[in-house]
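No lab work stands behind these numbers, since they all come straight from the coordinates. Predicted model, so just to flag it, every value in this text is computed and none were measured. Using ideal geometry, Cβ is built from the backbone for each residue, glycine included, and neighbour counts are taken over all protein chains shown.
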Amino acid sequence: MLDLLADLWAFMRERKKFWLAPIIFVMILLGALIVFAQGSSLAPFIYTLF
């Protein structure tokens, strides 16, 4: 996993595509939110976001 992140950072630095960083961060954050909220009391509130 750390190799993937290191390669992704190297790609963004090499190609000057730093605008990808916020998009990737939001996607990781939403994925973590869905995984951690599954089967918890937060689930009804997450479904209202989408």
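Between residue 8 and residue 27, what is the label-point separation in nm under the 7 Å Cα-to-beta-carbon projection?
Once both label points are built, they end up 0.7 nm from each other.
So what J values fall out for segment 10-22 if you push phi through Karplus, 6.51 cos²θ - 1.76 cosθ + 1.60 with θ = phi - 60°, rounded to Hz, Gly and Pro as x?
5, 4, 5, 5, 5, 8, 6, 10, 6, 5, 6, 4, x
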